[in-house]
Amino acid sequence: MFVPNTKLALRTAKQRIPLLLQSSAPPRRWQSTVEGKVEPPPAGGHLPSIATSKMLRTTRDDALRTPGLAWTDDDDSTGAVRNIVGGRETRKMNMYQAVRDALSIALAKDDTAVVFGEDVAFGGVFRCTMGLAEEFGRERVFNTPLTEQGIAGFGIGIASMGHTAIAEIQFADYIFPAFDQIVNEAAKYRYRAGGQFNIGGLTIRTPTMAVGHGGLYHSQSPEGYFMGASGLKIVIPRSPIQCKGLLLAAIRDPNPVIFMEPKILYRSAVEQVPIDDYTLPLGRAETLIPGADLTLLSWGTPLYTCTTALSLLSSPPPALAPLVPAALRGARVELIDLRTVLPWDVEGVVASVERTGRLVVVHEASVTAGVGAEVAAEVQKRCFLKLKAPVKRVAGWDVPAGLQYEKFNMPDAIRILDGLIETLSY
């Protein structure tokens, strides 16, 4: 083994130090901010992120004035919609805490409600049901065997007996063994019974979408597989406020609902969430950014990527500036959150596209036969004479979620930016 000559090294160092000190050049600090030439970037970068997104309502006043929010304790005997916010409080929550809050309210107000699934009795893998078994008892919050088909079948059965059944499929990727029960039984139950019976009390919660490293069985977005299942509703929230309100609405809706929660938002999306009982409307999209030149439609996690793409369009960094035409940087893009994927808000989306003349749809699922395909077909039919460009879809590639480089399969800000430029330039 090589052993350095310590004495020789010390003598060499002593000879070099005076030479360095005698150098006429002033000492330099790496990318010094003292000279005012280089400003270090903020920790999260200059572009919008989930944590810094303006879509999140981080103050009490903003949270209490969420569009469409309906308080369930309001006296609506006159049929009037009231929005009294005085005296109401909010609490800082991330999305899994908002899920837990909604489930707690549902269990407290509905004695027939039960929560069940794999590992839910001790909190679940994402902690969404933490403490509920201790609070409401293990007769109402309980674990099931590892059988998704059995979970869905049990939910259908107990809902048909008049209970409010809130099932959890641990990951959306695992929902396929339950596909027959959901599509052939749950979706058709009321129709098959001629309206005499229903299982409207069934809600199936499941974490969905990618996290960047989930691989084949933890990063899929299977909402498109259920688009043809008439009788179901599919809801995907984007934030804690939306999650709580939409989940409570789904639980109380008279139809079976699949409620898909973007798993990467469980901890990254944080808002001030009203602590009272409220709902948000199902089947209605929400306009997040008004615009007149192009409609940008998405749901769940990709909404945050869309805001990053809009920032790149209006203020491209030097590396991208030559690729973004100056004439397009002032384009007014309307950003819409679809929220309810089935049935989707056809009228709302069409009204926007009729004004803007252009549509770009973004989703994580594969582009072929995805939700974007149905949206594109319907918009092309209804807005054909008013379209200024073909409907553009920016989505996952038609490949399985990668074991490596998973983010290459997801629609990132650059791909969305490219789709915006292509559509605006058509």
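Table for the structure above
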{"quantity": "The chain: calculated mean residue ellipticity at 222 nm from DSSP helix runs of at least 4, using -39500 (n - 2.57)", "calculated": "-8500 deg cm²/dmol"}
{"quantity": "Note, ³J(HN,Hα) from phi for the stretch 340-348, Karplus 6.51, -1.76, 1.60, rounded to Hz, x at Gly and Pro", "calculated": "9, 7, 9, x, 7, 6, 4, 4, x"}
{"quantity": "Accessible surface ranking that places the most exposed of TYR266, TYR174 first, with a 1.4 angstrom probe", "calculated": "TYR174, TYR266"}
{"quantity": "Euclidean distance between Cα centres, the stretch 325-362 to the stretch 250-275, Å", "calculated": "23 Å"}
{"quantity": "Solvent-accessible surface (1.4 angstrom probe) belonging to PHE171, in square angstrom, nearest 10", "calculated": "20 Å²"}
{"quantity": "Heavy-atom SASA rank of THR287, THR279 (probe 1.4 Å, accessible area, largest first)", "calculated": "THR287, THR279"}
{"quantity": "Tensor-based shape of the chain (alpha-carbon gyration tensor, a/c under 1.5 rounded, otherwise prolate or oblate)", "calculated": "prolate"}
{"quantity": "Nearest-ten-degree value, helix 6-21 long axis tilted from longest Cα axis of the chain", "calculated": "80 degrees"}
{"quantity": "Spherically averaged projected area in nm², based on the convex hull that wraps the Cα atoms of the stretch 233-328", "calculated": "8.1 nm²"}
{"quantity": "Solvent exposure ordering (accessible area, 1.4 Å, most first) of SER160, SER221", "calculated": "SER160, SER221"}
{"quantity": "Integer Hz, Karplus 6.51/-1.76/1.60 couplings in order for the stretch 124-139, x for Gly and Pro", "calculated": "x, 5, 10, 6, 5, 10, 4, x, 5, 5, 5, 7, 10, x, 7, 7"}
{"quantity": "Listed pairs LYS92/LYS233; LYS54/LYS92; LYS92/LYS244; LYS109/LYS244 exceeding 19 Å between Cα atoms", "calculated": "LYS92/LYS233"}
{"quantity": "Under the Karplus curve 6.51 cos²θ - 1.76 cosθ + 1.60, θ = phi - 60°, whole-Hz ³J(HN,Hα) for the stretch 307-315, x wherever Gly or Pro sits", "calculated": "5, 5, 5, 5, 5, 5, 5, 7, 9"}
{"quantity": "DSSP loop GluC sites (Glu not before Pro) with at most 13 other Cβ within 10 Å excluded, longest remaining stretch of the chain", "calculated": "140-426"}
{"quantity": "Portion, in percent, of the accessible area of the chain that falls on carbon or sulfur, probe 1.4 Å", "calculated": "57 percent"}
{"quantity": "Interchain or long-range residues, amide H under 5 Å from THR295's placed H", "calculated": "GLU334, ARG358, LEU359, VAL360"}
{"quantity": "Cut-off under 5 Å, modelled amide H: who pairs with LEU342 long-range", "calculated": "ILE234"}
{"quantity": "Residues whose placed amide H lies under 5 Å from that of ALA365, excluding near-sequence neighbours", "calculated": "GLY396"}
{"quantity": "Dipole of the chain [Lys/Arg +1, Asp/Glu -1 at C-beta], most positive-end residue of LEU420, MET209, TYR278", "calculated": "LEU420"}
{"quantity": "Three-way shape label, the stretch 305-410, alpha-carbon gyration tensor, a/c 1.5", "calculated": "oblate"}
{"quantity": "Where labels lie 7 Å past Cα in the beta-carbon direction, separation of TYR191 and SER49 in nm", "calculated": "4.6 nm"}
{"quantity": "Solvent-accessible area per residue, Å², over the stretch 154-309 with all protein chains present [probe radius 1.4 Å]", "calculated": "31 Å²"}
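The values are calculated or read from the model by the stated rules, or taken from the named source; none is laboratory data. Being a predicted model, the structure only gives us computed values, none of them experimental. Reconstructed Cβ throughout: ideal geometry from the backbone, glycine too, with neighbour counts over all protein chains shown. Note: accessible area is taken over every heavy atom of the protein model, side chains too, but ligands, DNA and RNA are not part of it. Shrake-Rupley method; radii C 1.70, N 1.55, O 1.52, S 1.80 Å.
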